[in-house]
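The values are calculated or read from the model by the stated rules, or taken from the named source; none is laboratory data. These numbers come from a predicted model, not from an experiment. So basically every Cβ, Gly included, is an ideal-geometry build from the backbone, and we count neighbours across all protein chains shown. Side chains included, ligands, DNA and RNA excluded: accessible areas come from the protein's heavy atoms. Shrake-Rupley method; radii C 1.70, N 1.55, O 1.52, S 1.80 Å.
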Amino acid sequence: GTQGVAYAEYMVPNSIVTYYIICDAAAVREVLGIGTMAANYGYYDGTNNPVWTTIAPTANALMKIATSYSGTTVNAAANGVAAGNNPQAFDGDFNFSANFIIGNNPAGTAAPFGTIRNVRIYPKALSTSRLQAMTQ
């Protein structure tokens, strides 16, 4: 949980209010998530819960999103575009348990009711330019 990359491709309807793309199974620490369809992507590391600018989700469209976390920062890109407010603060460790939940939170109350595919979690951080390339 101290460094890595999370990547996913998904498509969801515009009726979703809150959903999680990749979340820890034991606690609501999300590597990829969206607060509302009107808002941008965000994450929660146990301390920080920012949202990204310039990479808002689009309903009913294939979206590719990736975050990279290491040290004291997290960066993000979606569909080839880097977040406008990269980097964001990172508390240094997501403190993940042994399992992840794809497409929901631990309580089972935030399913996207869409398609999530090609989920990848890497144990090494990448540059923002690499995030942009992998999400094109």
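So the values come out like this:
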item	result
Phi-based couplings in Hz for the stretch 105-121 (Karplus 6.51, -1.76, 1.60; Gly and Pro marked x)	9, x, 7, x, 10, 9, 6, x, 6, x, 10, 10, 9, 6, 6, 9, 10
For residue 123, net neighbour charge (Lys/Arg +1, Asp/Glu -1) across residues whose Cβ lies under 15 Å away	+2
Over the chain, relative contact order from alpha-carbon pairs under 8 Å, at least 6 apart, %	36
Neighbour net charge for residue 5 - beta-carbon separation under 13 angstrom, K R +1, D E -1	+4
The stretch 43-86 - Debye-derived log10 I(q)/I(0), Cα point model, q = 0.31, 0.33 Å⁻¹	-1.23, -1.30
Of 98, 110, 77, the one that fluctuates the most in a GNM where the chain has Cα springs shorter than 10 Å	98
Computed helical MRE - 222 nm, the chain, DSSP H runs ≥ 4 contributing -39500 (n - 2.57), nearest 500	-1500 deg cm²/dmol
Residue with peak Gaussian network fluctuation, the chain [Cα springs, cutoff 10 Å], from 13, 112, 87	13
Residue with peak Gaussian network fluctuation, the chain [Cα springs, cutoff 10 Å], from 19, 43, 122	122
Residue 107-residue 79 pseudo-label distance in nm [points 7 Å out on the Cα-to-Cβ vector]	3.1
By accessible area with a 1.4 Å probe, ligands and nucleic acids excluded, highest first: order of 120, 29, 130	130, 120, 29
Computed magnitude of the charge dipole of the chain (debye, nearest 20; Cβ of K, R +1, Cβ of D, E -1)	340
Cβ-based net charge around residue 44, under 14 Å, with every Lys or Arg adding one and every Asp or Glu removing one	-4
Given charges at Cβ of Lys, Arg, Asp, Glu: the chain dipole, positive-most of 109, 19, 60	60
FRET efficiency, 1/(1 + (r/R0)^6) with R0 35 Å, evaluated for residue 11 and residue 47 via beta carbons	0.70
Kirkwood-based shape ratio for the chain, expressed as Rg/Rh from alpha carbons	0.92
